[in-house]
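Just below is one structure, and these are the notes that go with it.
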Amino acid sequence: MKKLLILALMAVACQCGIAANKTFPVKGTFVSPADPRINYMGRISFTNPERPTWNYPGVQIIAAFEGTSLRMMAKPKSGYFMAQIDQAEPFKVAFRGERDSVVTLATALPEGRHLVRLMYVIEGYEFYPEFWGFVLDKGRSLIAPPALPTRKIEFIGNSITCGYGNEGYDKFEHFEYETENHYYSYASITARNLEAQHWVVARSGIGAYRNYDGPKTGNPESNMPVQYEYTGYAYDTKLRQGPTFLKEKWDFSRYQPDLVCINLGTNDLSTPNYDLKLLKQNYQKLLKMVRSHNPKAKIVLLTGSMLYNEELRLAKQLLDEVAAEAQKGGDKEVYRFDMEHIDGDQFLGNDWHPNIYQDEKMAGELTPYLRKLMNWF
């Protein structure tokens, strides 16, 4: 059995360059992305239900199937996913080539019923990934998947939440998609620890008022209070260039989290040219926006783990003030939590970001706090 599972988890790219429709020249049974037995999590546009698309990390696709093999179809150059078959070890799947449209997720599985979990683990704002469906053994079909967790979290953040560089080994090496893996981010680990769904609105470099190294007056065209309203991320919301879904306002009724964690401020304060008054005003604006769309959620304002010294002190003080003033104004469900900053090169990935060991530390700090806050025992 173990040998069969090892064989099953060999992800082999098949460069077929085919279209995702019911007449494609690949042996087996095609399953449309619109099949109601597929569960999705994350900010996904279903404007074309045959080709759901997104560009935030953490999007998940879950399905149960019959048979001995499974192939996945996606738009070529969609980027990287983590895949898990049943309870076996997750593995990375790549759609990076010009003609990579089919990847084998499992083969030689024991005959029977199986479960696949997929997570998009990078920021897709350059790739605009699309899921095109599954291919099963001939004559086989999907079956009803297990119910999604009833606990629901939303993470709003920047590169730390995305998992930027967390598979990297050298703090002096720069960003590569190959070393970004949201599956191993503190957010994803925390959600698994708490057996909760988690949806992500995060982008490297984004701030509450000023993106990384932005002007002192801020980036009102592309900061989080602007981007939060949309299904996908677009750098300049005035232009909204790219696929149609970038112009799509998010329907907040599709996901009402029990808990929202906001981890912003690092980019606002990471270079000296910042304005604390504008940062506070915009953070308050974002908090009110999040509250208006999620009236029943507990909201936790986070710091960690890339600020130090004066900037860390200022971030903590500012968020303490925002939380206290929100509570004084009648919102009693706003909370604060500080994760420890990175302490040692052994916890650094690319560009001085947390590596997976630091992500595990942050999740280890955050999980018990949230468990107690939410009474999720």
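The values are calculated or read from the model by the stated rules, or taken from the named source; none is laboratory data. Nothing here was measured: the structure is a model prediction, and the numbers come from that model. When we count neighbours, we look across all protein chains shown, and the Cβ atoms used for this are built from the backbone with ideal geometry, even at glycine. Areas reflect the complete protein model, heavy atoms only, side chains present, ligands, DNA and RNA absent. Shrake-Rupley method; radii C 1.70, N 1.55, O 1.52, S 1.80 Å.
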About the Cα centre, charge dipole magnitude for the chain (Lys/Arg +1, Asp/Glu -1 at Cβ), debye: 1340 debye
Take every DSSP beta bridge whose two residues both sit in the chain, then give the antiparallel share in percent to the nearest 5. 65 percent
If each DSSP helix of 4+ residues adds -39,500 (n - 2.57) and the sum is divided by the residues in the chain, what number results at 222 nm, nearest 500 deg cm²/dmol? -6500 deg cm²/dmol
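Residues of the chain: accessible area per residue at 1.4 Å, in Å²?
Working: 16050 Å² over 377 residues.
For the chain, the per-residue accessible area is 43 Å².
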Toy charge model, Lys and Arg Cβ at +1, Asp and Glu Cβ at -1: segment 86-135 dipole around Cα centroid in debye, rounded to 20, equals 120 debye
Which residue, Asn48, Asn219, Asn282, has the most motion in a Gaussian network model of the chain that connects Cα atoms within less than 10 Å? Asn48
Antiparallel as a % of all DSSP beta bridges within segment 222-377, to the nearest 5? 20 percent
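With the Cα gyration tensor of segment 290-377 giving a ≥ b ≥ c as the square roots of its eigenvalues, does the rule (a/c under 1.5 for rounded; else a/b larger than b/c for prolate; else oblate) give rounded, prolate or oblate?
Details: a/c = 2.63, a/b = 1.56, b/c = 1.69.
Taking the square roots of the gyration eigenvalues as a ≥ b ≥ c, segment 290-377 is oblate.
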Farthest toward positive dipole pole in segment 170-222 [+1 Lys/Arg, -1 Asp/Glu at C-beta], among Thr217, Gly205, Leu194: Thr217
Sulfur and carbon atoms: percent of accessible area, the chain [1.4 Å]: 53 percent
So what's the Cα pair-distance distribution over segment 204-300, bin width 5 Å, in %? 3, 14, 22, 22, 19, 14, 6, 1
Could you compute the net charge surrounding Lys298? Neighbours are other residues with a C-beta less than 14 Å from the C-beta of Lys298; K and R count +1, D and E count -1. +4
Here the gain from full extension of Glu360 to Lys171, 0.36 nm per residue of separation minus their alpha-carbon distance, amounts to 66.3 nm
Projected area averaged over all directions for the convex hull of the alpha carbon atoms of segment 45-134, nm², comes out at 5.6 nm²
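Taking the Cα centre as origin and putting +1 on Lys and Arg beta-carbons and -1 on Asp and Glu beta-carbons, what dipole magnitude results for segment 154-298, to the nearest 20 debye?
860 debye
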Which one of Asn263, Ser292, Val226 has its Cα pushed farthest toward the positive end of the charge dipole of the chain, where Lys and Arg give +1 and Asp and Glu give -1 at the Cβ? Ser292
Rounded if a/c under 1.5, otherwise prolate or oblate - segment 226-377, Cα gyration tensor axes: rounded
Net charge around Tyr186, counting only other residues with Cβ within less than 12 Å of its Cβ (Lys, Arg = +1; Asp, Glu = -1)? -2
Cut-off of 10 Å, at most 14 other beta carbons, DSSP loop: longest stretch of the chain lacking such trypsin sites (Lys or Arg not before Pro): 139-215
Give the Kirkwood hydrodynamic radius (Å, one decimal) of segment 297-347, defined as one over the mean of 1/r across all pairs of different Cα atoms. 11.9 Å
